[in-house]
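Structure, as structure tokens:
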Amino acid sequence: MSKLIGIDLGTTNSCVSFMENGRATIIPNAEGSRTTPSVVAFLKDGTRLIGSAAKRQAVTNAARTFSSVKRDMGSDTRYTVDGKSWSPQEISAMILRKLKEDAEAFIGETVTDAVITVPAYFSDAQRQATKDAGLIAGLNVLRIINEPTSAALAYGYNKGEPRKVMVYDLGGGTFDVSILDINSDTIEVLATAGNNHLGGDDFDQCIVGFLLDRFRKEHHMDLSGDPVALQRLSEAAEKAKIELSSLQKTDISLPFLAQASDGPRHLEVELTRARFDELTGHLVSATRGPVMQAMEDAGISASQLSGVLLVGGSTRIPAVQEQVRRLTGKEPSRDINPDECVAMGACLQGGVLTGAIHSMVLIDVTPLSLGIETMGDVFARIIDRNTPLPCQHSQVFTTAANFQTSVEINVLQGENETASGNKSLGKFKLDGIRRALRGIPQIEVTFNIDTNGIVHVSAKDLATNRSQNITISGSGNMSPSEIEQAIRDAERYARESEKRKSAEARDDGAYDV
Ligand code: AMP
């Protein structure tokens, strides 16, 4: 059996691990680092750079470099270079392929099976897109698991005594909070909540806004439309933010940031932690709602928590840690490395799935309620949020008009009481309903969520037993034939890149002689 890897496909950085001698071990990449920047760049000669090489050249090649793609998973965003465009799944697949290749080089074996993590709060379309990205990268994705669950697995595995813990996960682009019940042989997610558009990138953007303002005031120039300047500002902002996690103030220096008619303009600013906290206070506050909701949904108060785990790079921000202390009254645990525990939990889960680890059951939940639209813009909830997975629920509906022979099922996900206030995951039609007065036909709608958190919906006319079903795929998701095409493209590129590398090696050899 080939080795299985656990992958944390992060917004900013990704990390991969495997089981070695019964322990989860982080795999260093080809450059020797334990995490790989989730960045892809396309060079003019057709070469692709992935990871730190792509990140390093982002400033000078901003229009051809893509980062934080995870934020667009499940959407119909396209990334275009030289007239060719890629979906978020395809760009993510390029990162996954590098992780796979680096893992193969490190382990010395082919790797096909993988467990990939996603934020607990990822919607169905985002999960499906992540699974497709794995497929395109040539991976057999055994399971998609939630990042906080994965972190808790890394933390709770082999630890003995039962306890309830909160996982507070603030990464580059997403925020999740989960309450878990860890026992010797089960880890059960009691509740999860979050915001999949809140993360470290937003903190960076607050600093960028502040710097743009400063520059405007000092030099009367607006750089908000200049992609190269913006890229430099974003990088400087992230660097300053990271420094402010350990220092009280930092200097931001960007020489030659713009060119005015009479010469270059530079930016020199001192940023204090206090000012940074003011600029980003609203982001820190925005984590309160999900924390409270998760505790309420789990039916526990902060005093019943035995610990709080911090996951994700942004939890290194002192104001974020302070917020956690304020909300829970607990000192966050420092037992686990926030950058690595998610990937480690993923390969442990792989071990559970393949039987390498016995006596550990993981029970996860669905993060958002699911249902369908009914007359008058009403959201008819069929599965409540925080229902343990896998699960299946059915409900019987009827027609709204006399002699109606077809119904359209609009599948919705969210917590709003109105249909239009929730996200539509997709629509499908059940026709051939026997003609009858309104209210007579009985149409049974069944929702099934598998262990990956992926939703399948079916509708059946109970009079005729005629049924229709779909596996939900959002507008941004790819059809099976598009995925197959993407797999072929990825394999072709891998072959070409292999050829290019061996030609380069031959050239290098010739030069050496
Ligand atoms: P992750 O998605 O978990 O890799 O988190 C990445 C995010 O964490 C990025 O926005 C980073 O800028 C941020 N980050 C990493 N280290 C630090 C640090 N020491 N202080 C503040 N933010 C950090």
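The label-point distance for Glu278 and Asn140, in a model that sets each label 7 Å from Cα toward Cβ, rounds to 5.8 nm.
For the stretch 12-119, the alpha carbon positions stretch 47, 28, 21 Å along the principal axes, listed from largest to smallest.
With the other protein chains left in place, how much accessible area per residue, in square angstrom, belongs to the stretch 314-458 at a 1.4 angstrom probe?
44
Is the shape of the stretch 323-436 best called rounded, prolate or oblate, per the rule: a/c under 1.5 gives rounded, else a/b larger than b/c gives prolate, else oblate, with a ≥ b ≥ c the square roots of the Cα gyration tensor eigenvalues? Prolate shape, in that a/c is at least 1.5 and a/b is the bigger ratio.
When every alpha-carbon pair in the chain is counted, what percent end up more than 43 Å apart? So the portion of pairs separated by more than 43 Å is 22 percent.
The convex hull defined by the C-alpha atoms of the stretch 412-461 has an orientation-averaged projected area of 4.6 nm². Expressed as a whole percent, the accessible surface of the stretch 390-445 that belongs to carbon and sulfur atoms is 46, based on a 1.4 Å probe.
When the accessible area of the stretch 12-58 is split by element with a 1.4 Å probe, what percent falls to carbon and sulfur? Exposed carbon and sulfur together represent 48 percent of the surface. Is the shape of the stretch 1-73 rounded, prolate or oblate, going by the alpha carbon gyration tensor and its root eigenvalues a ≥ b ≥ c, with a/c under 1.5 for rounded and a/b larger than b/c for prolate? Prolate. Taking every C-alpha pair closer than 8 Å and separated by at least 6 residues, the mean separation divided by the residue count of the chain gives a relative contact order of 15 percent. For the chain, the membrane-span-like helix rule (DSSP H, alpha carbon extent of at least 27 Å along the helix axis, mean Kyte-Doolittle at least -1.0) picks out 88-107, 200-219; this says nothing about an actual membrane. In the stretch 255-326, the portion of solvent-accessible area held by carbon and sulfur atoms comes to 50 percent [1.4 Å probe, whole percent, DNA, RNA and ligands not counted]. Residues whose amide H lies under 5 Å from that of Leu362, counting only those 5 or more places away or on a different chain, are Ile187; hydrogens are built 1.01 Å from N in the peptide plane.
The alpha carbon centroids of the stretch 425-468 and the stretch 226-280 are separated by 55 Å.
Computed over the alpha-carbon atoms, the stretch 246-298 gives an Rg to Rh ratio of 1.32, Rh here being the Kirkwood radius from the mean inverse distance. Close amide H pairs (under 5 Å, H built 1.01 Å from N) link Val308 with Met166, Ser333, residues at least 5 positions away or on another chain. Helix-only arithmetic for the chain: the sum of -39500 (n - 2.57) across DSSP H runs with n ≥ 4, divided by the residue total, places the mean residue ellipticity at 222 nm at -10500 deg cm²/dmol.
Probing with 1.4 Å while keeping every protein chain in the model, the per residue accessible area of the stretch 75-141 equals 30 Å². Loop-located trypsin sites (Lys or Arg not before Pro) in the stretch 290-352 (DSSP state other than H, G, I, E, B) with a sparse environment of at most 10 neighbouring Cβ atoms within 10 Å: Arg334.
The values are calculated or read from the model by the stated rules, or taken from the named source; none is laboratory data. Source: prediction; values computed, not measured. Note: ideal-geometry Cβ built from the backbone for every residue, glycine included; neighbour counts use all protein chains shown. In case anyone asks, the SASA skips ligands and DNA or RNA and just uses the protein heavy atoms, side chains included. Shrake-Rupley method; radii C 1.70, N 1.55, O 1.52, S 1.80 Å.
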